[in-house]
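Structure record follows, encoded as structure tokens.
The values are calculated or read from the model by the stated rules, or taken from the named source; none is laboratory data. Because the structure is predicted, anything quoted here is derived from the model rather than measured. A quick note on method: Cβ atoms are made from the backbone with ideal geometry, for glycine too, and the neighbour counts reach across all protein chains shown.
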Amino acid sequence: MDREARVFAESHFRGLEGCLPRRVGPQLDRVDFIEKPDSFSYADFFKGYLLPNLPCVFSSAFTEGWGSRRLWVTPSGKPNFDYLLQNYGDVVVPVANCGVREYNSNPKEHMPLRDYISYWKEYIQGNYSSSRGCLYLKDWHLCRDSSAEGVFTLPIYFSSDWLNEYWDALDVDDYRFIYMGPTGTCWSVNICGRKKWFFFPPGQEEALRDCHGSLPYDVTSPTLLDSRLHPMRDHCSPPLEVTQEAGEMVFVPSGWHHQVHNLEDTISINHNWVNGCNLANMWHFLQQELCAVQQEIIDWRDSMPDWHHHCQVSPSSRTGPCLRALCSLDSMQDQQNLPRAVSEQQLTGCSFLAQVIMKSCSGINFEEFYHFLKVVAERRLLLLAKGMGPGKVEGGKGTRLGPEQAAFDIGRIAEVLESVVAHPDFQRVDTSAFSPRPEELLQQLEEAVAATTSL
């Protein structure tokens, strides 16, 4: 990030005055196609798409040097099964059954890649049909589980990737995925094959909900035409449709409801990510999630045996933040609207239990969110203290951050952390063992913001 982009971004967020960007997205008639890498800078992407939260498609020229495009694909453009078997055949991968629904998802099993490729070959030979259904390799953490050197190069446009930076720092997990599967089955790159995308701008998904408040499993299903099941469907504009060709890269903005169909046998590389531009959206989602859980469990306070004991239970395993839309949230009451008869002790217990449940559902609670902010904040503060220049590597694998990006990130973290520290449910979290304490970290960030105004 250069200084001009940073000033532009800070002016953008000052104009929001601490509010989220408008919930209802812009009405677009197409998704922009970015053709030439040489004439498209990080600042162009940041100001034109990341900051305004708009989708775009990058041409195959942006990925032509990737090893996966050269080695994983045959000269005819099909998956190179022989190469994949030779190099990854014994790796155990997650596979989803697209023909079976569990709520709004598909059940998964794990198998060696060689077994999945054997199934895939049989599926193709059977005219894209199998008694086992349509199986789709999904969420394979190749970068975490195997050597992915040379498979792909992180595009500079997505180098501010806090989610994977956080996990790289902990050396536990990541949010970099490989998808493979036959026809019929956020940034995402097609290594081979073609995909059809359907995009709904933020807010449009509300009109897709059925009479029970649930989002549709398939946005192309004829059942959406039934006004009794989907009474708001007429208020939803047609989706933006994008056909992604081999080698092309799709940027999926925060909050855009989308659905993807494979048009051919396809392999893709995908990253889930978060950064300073959508951090406030993530915090807003977590607050909504906690309110939803609190409303579900508040009625149990008088009937649950050992209520206070259960309320103090802490989760035994630590997981991290996930940007996926894990569940649909209805409008929930604020904490101030809870019955007045609830004592402070009961409310505190309810808060802790709610956060345990929230973490099991969403993969994160307020305590974990603070640690996520702390890891990224401390790395940005260190970067500024070292006076590192643009182009140096710092943070996650392949992350290229300079002082202007660090200063922008610190400002965004400070604004969100101020809201976190003031939140009544976070104030009930025992932070006595945190180092630094949240208030101390906030002070450090605010001092850094003041010092970097003249950077």
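Some values worked out for this structure:
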read-out: Selection from segment 203-217 of residues that are among the charged types (D, E, K, R) and in a loop (DSSP other than H, G, I, E, B); value: Arg209, Asp210
read-out: Where Phe198 falls short, out of the listed (1) buried (at least 19 other Cβ atoms within 10 Å of the Cβ); (2) modelled with pLDDT of 90 or more; (3) not charged (D, E, K, R); value: (1)
read-out: Matching residues, segment 69-98, being aromatic (Phe, Trp, Tyr) and in contact with a strand residue (DSSP E or B) (Cβ under 6 Å, 6 or more places away or on another chain); value: Trp72
read-out: Matching residues, segment 201-232, being buried (at least 19 other Cβ atoms within 10 Å of the Cβ) and more than 30 Å from Asn275 (Cβ to Cβ); value: His230
read-out: Hits in segment 106-123 (condition: exposed (fewer than 14 other Cβ atoms within 10 Å of the Cβ) and within 22 Å of Arg194 (Cα to Cα)); value: Lys121, Glu122
read-out: Filter result for Ala61 (under 26 Å from Val449 (Cβ atoms) and part of a helix (DSSP H, G or I)); value: no
read-out: Residue within segment 100-116 that is aromatic (Phe, Trp, Tyr) and either assigned to a loop (DSSP other than H, G, I, E, B) or touching a Phe, Trp or Tyr at 6+ places or on another chain (Cβ under 6 Å) (or both) present; value: yes
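Residues checked against (1) surrounded by fewer than 16 Cβ atoms within 10 Å (Cβ to Cβ); (2) under 20 Å from the mean Cα position of the chain (by Cα); (3) in a loop (DSSP other than H, G, I, E, B):
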position	(1), (2), (3)
Asn270	no, yes, no
Val274	no, yes, yes
Cys277	no, yes, yes
Phe285	no, yes, no
Gln288	yes, yes, no
